[in-house]
Amino acid sequence: MTMPQLEAESAQSQDLAPAAALFHGLSDPTRLAILQHLTLGEHKVRDLTEHLGLAQSTVSAHLACLRDCGLVASRPQGRASMFSLSTSAELLDVLASAERLLAATGYVVTLCPNYGIGTTSNPAPADLRAHPNRAP
């Protein structure tokens with residue numbers, strides 16, 4: 001590979017980095033459940049812990065991540081904070097598109113040996129495995 005090709009690949013990778021970071025922020029089922037619940041309107045941490053059946057510390061940590069990613073906002077209300085989606089229309093579009101994509105692919109991503117249901121790590125590129133039922 002030539003130096004200009006490497007530079008072009010690096011620039012393209014950098015251009016995709018924000019999108020990759022967004023999808024990584026959305027990659028946790030708990031964060032998706034919180035976002036889904038917030039589509040109903042703003043809620044306190046306590047409301048979310050009761051609805052999701054999770055510890056307050058877990059919900060708070062995920063809300064902090066979502067806030068740092070710019071996906072949720074908070075406002076004080078007395079001693080509590082009210083959380084809401086910061087860009088609900090755009091987020092709803094992304095989630096609806098994801099559902100359509102999952103349906104169009106037959107939810108086969110759930111069987112992915114790298115990222116499917118039951119996987120617990122984020123493998124390095126050299127460690128990515130091929131799906132046993134798919135041709136390479």
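Quick look at the numbers
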{"item": "Filter result for the condition that a residue is of a type in the set (A, V, I, L, M) and either open to solvent by 60 Å² or more (accessible area, probe 1.4 Å) or modelled with pLDDT under 95 (or both), over Ala98, Ala55, Ala73", "result": "Ala98"}
{"item": "Residue satisfying all of: in the range 19-48; touching a strand residue (DSSP E or B) at 6+ places or on another chain (Cβ under 8 Å) and part of a loop (DSSP other than H, G, I, E, B); nearest to Arg79 (Cα to Cα) among these", "result": "Glu42"}
{"item": "Test: Phe83 is open to solvent by less than 60 Å² (accessible area, probe 1.4 Å) and aromatic (Phe, Trp, Tyr)", "result": "yes"}
{"item": "Hey, Gly41 modelled with pLDDT of 65 or more, at positive phi and either within 22 Å of the chain's Cα centre (by Cα) or surrounded by 10 or more Cβ atoms within 10 Å (Cβ to Cβ) (or both) or not", "result": "yes"}
{"item": "Cross-chain or 6+ apart pairs with Cβ under 6 Å, the range 17-32 first and touching a residue at least 40 places away in the same chain (Cβ under 8 Å), then hydrophobic (A, V, I, L, M, F, W, C) and surrounded by 11 or more Cβ atoms within 10 Å (Cβ to Cβ)", "result": "Gly25/Cys69"}
{"item": "Filter result (open to solvent by 80 Å² or more (accessible area, probe 1.4 Å) and in a helix (DSSP H, G or I)) within the range 101-128", "result": "Leu101, Ala104, Leu111, Pro125, Ala126, Asp127"}
{"item": "Residue that is farthest from Pro18 (Cα to Cα) [pool: residues in the range 58-70 that are among the hydrophobic types (A, V, I, L, M, F, W, C) and open to solvent by 50 Å² or more (accessible area, probe 1.4 Å)]", "result": "Ala61"}
{"item": "Failed item in (1) surrounded by fewer than 14 Cβ atoms within 10 Å (Cβ to Cβ); (2) farther than 22 Å from Pro18 by Cα; (3) acidic (Asp, Glu), with Asp47 passing the rest", "result": "(1)"}
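Per-residue answers, yes or no, for (1) in contact with a Lys or Arg (Cβ under 9 Å, 6 or more places away or on another chain); (2) closer than 30 Å to Ala130 by Cβ:
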{"residue": "Arg46", "(1), (2)": "no, no"}
{"residue": "Ala55", "(1), (2)": "no, no"}
{"residue": "Asp68", "(1), (2)": "no, no"}
{"residue": "Ser81", "(1), (2)": "yes, no"}
{"residue": "Thr87", "(1), (2)": "no, no"}
{"residue": "Ile117", "(1), (2)": "no, yes"}
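The values are calculated or read from the model by the stated rules, or taken from the named source; none is laboratory data. Everything quoted here is computed from the prediction, not taken from an experiment. So basically every Cβ, Gly included, is an ideal-geometry build from the backbone, and we count neighbours across all protein chains shown. For the accessible areas, the whole protein counts, side chains as well, though only heavy atoms, and no ligand, DNA or RNA atoms are used. Shrake-Rupley method; radii C 1.70, N 1.55, O 1.52, S 1.80 Å.
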